Amino acid sequence: MKISELKKGQKVTIRCKHKTLLVDMEAHVAGVRSEVVLLELIRHDGQIVDFSSPHVQIITIYEDGLDMPKAWTNCRIQRRTVDGKQYHALAAPKTSVKVNRRKVARIVLNKPGKLKISNVPDAIDIMIHDLCVNGIGFECPLKIEEQDIRHLYIQFLDEDREDEEGIKVEARGVWKKEIPGGGFFYGCRLVNAEENLGYYIAQKMRTDS
């Protein structure tokens, strides 16, 4: 997929990497002009972002919730004025590649958990399949509506742990797959987690190895 195939109104994630620093920012497509995607001005902490540094690596990620995310690497973003309005102009030298955004080590859990959706009063019983420091995969008996997929609150207990403190994460759905016989499998990116998550995963990897 060429980056110029993005459509007005779609959302993308702009990932900026510099050494060990990584920042994700959401951007909205305003239109396309001559293979360049015009984005509504991107702000971070209330300020318009300057992408001009040659030391920052820019990756653009598009998720439609139906397939694995598509990513464009080595992107360039510049300020541009079109018809009297300012935009961030996004260009990518190559077509996209499908990416598994969880390239870090993951643990297989197969443990029951609870899913809370913002506008649903009761928690939903789910089965958590796997977990890593930036992603989680789980089975759910219900189809999660599009407006809720970006804010999923998940928690579970691990009876193998010495303490009874639960693991709690906030996730954003990236893709889903219908399971034959009923239910859905969701692959999610973690957007927030408590401090004990990294310790739990490291401890789990040691005990399982």
Checklist outcome for this item: Debye calc, one equal point scatterer per Cα of the stretch 1-67, no solvent, log10 I(q)/I(0) at q = 0.16 1/Å comes to -0.59
Checklist outcome for this item: Heavy-atom accessible area per residue of the chain, all protein chains kept, 1.4 Å probe, expressed in Å², is 59 Å²
Checklist entry - Which angle from 0 to 90°, rounded to the nearest 10, does the C-alpha axis of helix 196-208 make with the longest principal axis of the chain? => result 60 degrees
Checklist entry - Relative contact order for the chain: what is it in percent, counting Cα pairs under 8 Å that are at least 6 residues apart? => result 14 percent
Checklist entry - Using a basic spin-label model with each label point 7 Å from the Cα along Cα→Cβ, how many nm lie between Glu146 and Lys85? => result 2.2 nm
Next on the checklist: On a full-extension model of 0.36 nm per residue, what is the gain between Ser4 and Glu178, subtracting their alpha-carbon distance, rounded to one decimal in nm?
Outcome noted: 59.6 nm
Checklist entry - Past the 28 Å Cα-Cα mark, which pairs from Lys19/Lys114; Lys19/Lys111; Lys11/Lys111; Lys11/Lys143; Lys116/Lys176; Lys19/Lys116? => result Lys19/Lys114; Lys19/Lys111; Lys11/Lys111; Lys19/Lys116
Checklist entry - Rg to Rh ratio, the stretch 101-155, alpha-carbon atoms and Kirkwood radius? => result 0.98
Item to check | the stretch 8-47 - percent relative contact order, Cα under 8 Å, separation 6 or more | outcome: 33 percent
Checklist entry - How much FRET efficiency would the formula 1/(1 + (r/R0)^6) give for Ser34 and Val97, where r is the Cβ-Cβ distance and R0 is 25 Å, rounded to 0.05? => result 0.60
Item to check | Where the Cα pairs of the chain fall when distances are cut into 5 Å bins, in % | outcome: 1, 6, 13, 17, 15, 15, 12, 9, 6, 3, 1, 0, 0
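Express the relative contact order of the stretch 166-209 as a whole percentage, based on alpha carbon pairs under 8 Å and six or more residues apart in sequence. Show your work: numbers first, answer last.
On the way: 44 pairs, mean separation 16.6, N = 44.
38 percent.
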Checklist entry - In nm, what is the difference between 0.36 nm times the number of residues separating Asn196 and Asp45 and their Cα-Cα distance? => result 51.7 nm
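The values are calculated or read from the model by the stated rules, or taken from the named source; none is laboratory data. These figures come from a predicted structure and were not determined experimentally. Reconstructed Cβ throughout: ideal geometry from the backbone, glycine too, with neighbour counts over all protein chains shown. To get the accessible areas, we keep the full protein, side chains included, count just its heavy atoms, and leave off ligands, DNA and RNA. Shrake-Rupley method; radii C 1.70, N 1.55, O 1.52, S 1.80 Å.
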